[in-house]
Amino acid sequence: MLTIDVGSSSARTLLFDFDGRQIDGFGSQVEYRANTTPDGGWEIDADQLTGIVRQAIDAICEQMRSKGVKPAAVAADTFWHSIVGVDEDNDATTAILHPFDTRSAAASMQLRERVDDHAQHGRTGCMLHPSYPPAKLLWLAAEQPEALRKTKRWMSAGEFLFLKLAGRAAASTSMVSATGLWDQNRNEYDAEMIAALPVSIEQFAAAGNLDEPVTGECRWPEICGIPWFSALGDGACDNLGSGCVARDCFALMVGTSGAMRAIVPADRIEIPDGLFCYRLDRKRFVLGGALSNGGSVFAWMKRTLCLPPDNSEIERQLAALPPAAHGLAVLPLFAGERSTGWRYDARAAITGLTAHTSPIEILQAALESVALRFRSVYELMEPALGTPRQIVASGSGLLHSPVWTQMMADALAHPVVPCLEPEATSRGAALMALERLGVKVNPAAQYGEAVQPVEANAKIYMAELGRQRALYDKLFEERTG
């Protein structure tokens, strides 16, 4: 399987065998940066991203050509919630709007006047929030009306890339289910939400054609004439690739952002307040919570506080500190809030600073605060799904820091098992393609030794969780109460 993983900062290609294992000696990565604006814009030029992915495919195809390798299929995943307009000539009319783009915040408030947020969340599994396409579509209608007029179709980043690279747009249930336009239990578009927007259902991928592979012509002989399976949501693939395929196995992922998710095989699902619900496919839901702030918090602290450039030195200093002895309360909402309150206007805060507070203590408090945010997500998931048999951690943001992993175990009061798959998301895309081809593969992943919670630390963090929630209520809830 050749996998194409398009994340928020790079495009990566890899090869996996029919046992779902990554093949050494093959792979490429091309990094890029999204365009950001002072007013909250976070967008990617559609043609630029196409060129970046093309470079990544060029590199791995050259490797395969030199070794006489031809894969059986192409599997893909991209970040969820993106949207781009496409005209009748198949050219982009807008940039690809990323879920971190918050310029549609006011539009999300306007949507609350048109639809019942609680009711539509119960159907779509998405909040009325600038992360999701409905608010972005309403914002585009006001800010870029000419682009809206020219747009014939609305696509995700993955659909657009398939259009340009494989000759035909292709969409998956996984990707469409995370748009805020999909009724999760009925497995079809949500008519009420679409009626509230300046778009029509005909502008989106036809529900009856979802998940169909593309076998069109392309510029690479190595991957022409084989199935290209439409891009899945990266979060769903991370669960699959890390072996979290049942409701009693929670995947804890910390990259630039973060999420805790479970795959739920079921015909129907009740969606708890504060959580999202999307799909892996038409048979399996993905339920969980998302944080806009994960490894980005570590990066911000390291850069801003001028911490040692050597992460091993940072780890050594963190390991010497007792838990939460710094007296700080932190809200790590540098990029706003998604789960659990979904306040787009929430911002980061640090209280309790004194002249004696050191940079490493501020970092410690910030990392602990992210762990506490995951605890809040866990407390919504556990009543809905039961106490998990296993919590599996993936993502370089977390696994490169054993001290932070211990904080997570302590805050969750549950063992955390490190996933040793180097690229769990790409592996998940490969496993899903193998399943579609009828190949039976054991999805079990490679794991490290479980990190056990320390009971005394868990009690300390429960008290800290109360302090964090009190600070949140003081800064945000009382302002609107």
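Laboratory data are not the source of any read-out in this text; all were calculated from the coordinates shown. As the structure is a computational prediction, the values presented were derived from the model and not from experiment. Here the Cβ is made from the backbone with ideal geometry for all residues, glycine too, and neighbour counts use every protein chain on show.
Its Cα gyration tensor gives segment 86-152 an equivalent ellipsoid; the semi-axes, largest first and in whole Å, are 24, 12, 11. Based on Cα atoms of segment 196-324, Rg over Rh with Rh as the Kirkwood radius reads 1.11. Ranked by how many other Cβ atoms sit within 10 Å of their own Cβ, fewest first, the residues VAL286, VAL264 fall in the order VAL264, VAL286. When the Cα atoms of segment 319-408 are aligned to their principal axes, the ranges along those axes come out at 45, 33, 22 Å in descending order.
Starting from a Cα-only point model with no solvent, please compute log10 I(q)/I(0) by Debye for segment 5-100 at q = 0.18, 0.23 1/Å. Debye output, listed in q order: -0.89, -1.18.
Can you give me the angle between helix 157-166 and the longest principal axis of the chain, using Cα atoms only, in degrees from 0 to 90, rounded to the nearest 10? Once rounded, one gets 30 degrees.
Modelled this way, with points 7 Å down the Cα-to-C-beta line, the labels at HIS118 and ASP89 are 5.0 nm from one another. For segment 92-224, the extents of the C-alpha atoms along the principal axes are 52, 34, 25 Å, listed from largest to smallest. Each residue of segment 127-142 is assigned a 3J(HN,Hα), and the resulting list reads 7, 7, 8, x, 5, 9, x, x, 5, 5, 5, 5, 5, 4, 4, 7 Hz, derived from the Karplus form 6.51 cos²θ - 1.76 cosθ + 1.60 (θ = phi - 60°), x at Gly and Pro. Using R0 = 35 Å, the C-beta based FRET efficiency linking ASP310 and ALA384 works out to 0.25.
Using the Cβ-Cβ distance between CYS224 and VAL403 with R0 set to 35 Å, the FRET efficiency from 1/(1 + (r/R0)^6) comes to roughly 0.15. Averaging sequence separations of C-alpha pairs under 8 Å and six or more residues apart, then dividing by the length of the chain, give the relative contact order as a whole percent. Relative contact order here is 15 percent. Under a 5 Å amide H cut-off, with hydrogens placed 1.01 Å from N, LEU280 pairs with PHE285, VAL286 among residues at least 5 apart or on other chains. One entry in (1) 103, 72, 44; (2) 68, 57, 43; (3) 63, 55, 43 is Cα extents along the principal axes in Å calculated from the shown coordinates; its label is (3). Based on Cα atoms of segment 28-149, Rg over Rh with Rh as the Kirkwood radius reads 1.09. For segment 149-217, the equivalent ellipsoid derived from the Cα gyration tensor has semi-axes of 22, 15, 9 Å, listed largest first. In plain terms, the C-alpha convex hull of segment 2-235 casts an average shadow of 12.6 nm² when viewed from every direction.
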